[in-house]
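Comments concern the structure below.
The values are calculated or read from the model by the stated rules, or taken from the named source; none is laboratory data. Everything numeric here is computed off the predicted structure, so don't read it as measured data. Cβ sites come from the backbone with ideal geometry, for glycine too, and all protein chains shown count toward neighbours.
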Amino acid sequence: MERVSRTVTAIGPEHLDKTSPRLNWVCPRCRGVLAKAPESYRCEACAGNYPIVAEMPDFRIDQPAWIDFGRDRDRAFAIDEIVRRDGLEAAIFDVFKTSRRFAEQKCHFRTRQVQAGADKYTLQLDGWLADIQADPVIEVGIGPGQLAVALARRGYVPHGIDVSMEWLAVAKHWVREQGVEPVFAGAMAEGLPLPDASVRSYVSLDVIEHVGDQGHYLAEMTRILKPGGHFALVTPNRYSLSPEPHVGVWGVGYLPRPLQAKWVRMRAGVSYDFNRLLSVWELQKLFRESGGLVPQIDFPEIAEAEISLFGPGKAKLARLYNQLSRTALFRLIAPLGGAYYRVTGRKPVELAAAE
Ligand SMILES: [Zn+2]
């Protein structure tokens, strides 16, 4: 705790003049108060019991997800060991190698991509993420912690959840390297362990396309935001002219939903479970049906920092895409071919009054 407040005051700009507040988790089922025991959290209202895994509470509730919770818990402990023994980079590499079973070369590429991510998001905090820096900031889908590290470098106490505690264990160590103690928990984006109207900033990058229930995910975002609070999401576009980013197959999004998984299986031989890319219109409809916030949609250029990690062919295509994206015609047709889009907005003050 002492380390945290020292970091906060040392960095200094006006929005850091205070000690960042630390949120208290609540029961993800009934939002009751939790009592902390040495090895678990217990809900006083519904008697729900939540184990502590690699120093973090596991609030994941029984819902379909892309990972096996039991195996993931073991992996979180294993990551703690690997970080202590071989360091952070080895731990990131091990997630790709052991859990994702990627080939050696791909593991190296993805590890470098993760490590470069903290700088990438540091730049974005001065750009399109400028509005999500009012405390407390909650990130849903921490992953290996790229944004959390960028926030920690600015003196924030990163708060967040992820369905993968294996990645959270990586993120925890990476944030600690910045001299900040994070507030992380394993949880589902569709059942957040946070009280109503408790956060001023909600950020969730490349997550909505993977959650089991996209409507609940948005309803939970709306619920925990304070009136006047901001949200920021990013997601790949369903109708993209570039290959589907998770499986590298062309044309997936243009197919009707029932055929997408078959096409991916045929072309790449992999499962397409827990990938549901949204078109701009599908996203807008989901927002209307799940809490009523109004999203602002923007198709950005691909960042130069990201392009520098691509091979020459893909880099050339990416630069061509960026040139195109500056034209008026592109803005018109982007929803039918743009690679990914950002979704930002604010919870109006009136919405809270009407509830
Ligand atoms: Zn409860």
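Computed quantities for the displayed model
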{"item": "Unique match (being at pLDDT 95 or above, surrounded by 20 or more Cβ atoms within 10 Å (Cβ to Cβ) and of a type outside the set (Lys, Arg)) among 103, 90, 76", "result": "76"}
{"item": "Only one of 65, 76 that is within 17 Å of the chain's Cα centre (by Cα) and closer than 17 Å to residue 160 by Cβ", "result": "65"}
{"item": "Top-ranked residue of region 45-71 - restricted to ones that are among the acidic types (Asp, Glu) and either surrounded by 16 or more Cβ atoms within 10 Å (Cβ to Cβ) or over 19 Å from residue 214 (Cα atoms) (or both), ranked as farthest from the ligand (Cβ to nearest atom)", "result": "68"}
{"item": "Single unsatisfied condition, residue 250 versus (1) touching a residue at least 24 places away in the same chain (Cβ under 8 Å); (2) assigned to a loop (DSSP other than H, G, I, E, B)", "result": "(1)"}
{"item": "Within region 19-44, considering residues that are of a type in the set (A, V, I, L, M, F, W, C) and surrounded by fewer than 17 Cβ atoms within 10 Å (Cβ to Cβ), the one nearest to the ligand (Cβ to nearest atom)", "result": "30"}
{"item": "Hey, residue 12 near the ligand (Cβ under 10 Å from one of its atoms) and at pLDDT below 95 or not", "result": "no"}
{"item": "Residue 239 vs. criteria touching a helix residue (DSSP H, G or I) at 6+ places or on another chain (Cβ under 6 Å) and in contact (Cβ under 8 Å) with a residue 12 or more places away in the chain", "result": "yes"}
{"item": "Those residues of region 173-227 which are farther than 24 Å from residue 41 by Cβ, within 16 Å of the chain's Cα centre (by Cα) and in a strand (DSSP E or B), in sequence order", "result": "201, 203, 205"}
{"item": "Subset of region 334-345 that is among the hydrophobic types (A, V, I, L, M, F, W, C) and closer than 21 Å to residue 294 by Cα - its residue that is modelled with the highest pLDDT", "result": "343"}
{"item": "Count - residues of region 30-44 that are within 21 Å of residue 196 (Cβ to Cβ) and small (Gly, Ala, Ser)", "result": "2"}
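Results for (1) touching a residue at least 24 places away in the same chain (Cβ under 8 Å); (2) in contact with a His (Cβ under 6 Å, 6 or more places away or on another chain); (3) assigned to a helix (DSSP H, G or I), shown as yes or no for each residue.
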{"position": "83", "(1), (2), (3)": "yes, yes, yes"}
{"position": "95", "(1), (2), (3)": "yes, no, yes"}
{"position": "110", "(1), (2), (3)": "no, no, yes"}
{"position": "127", "(1), (2), (3)": "no, no, no"}
{"position": "155", "(1), (2), (3)": "yes, no, no"}
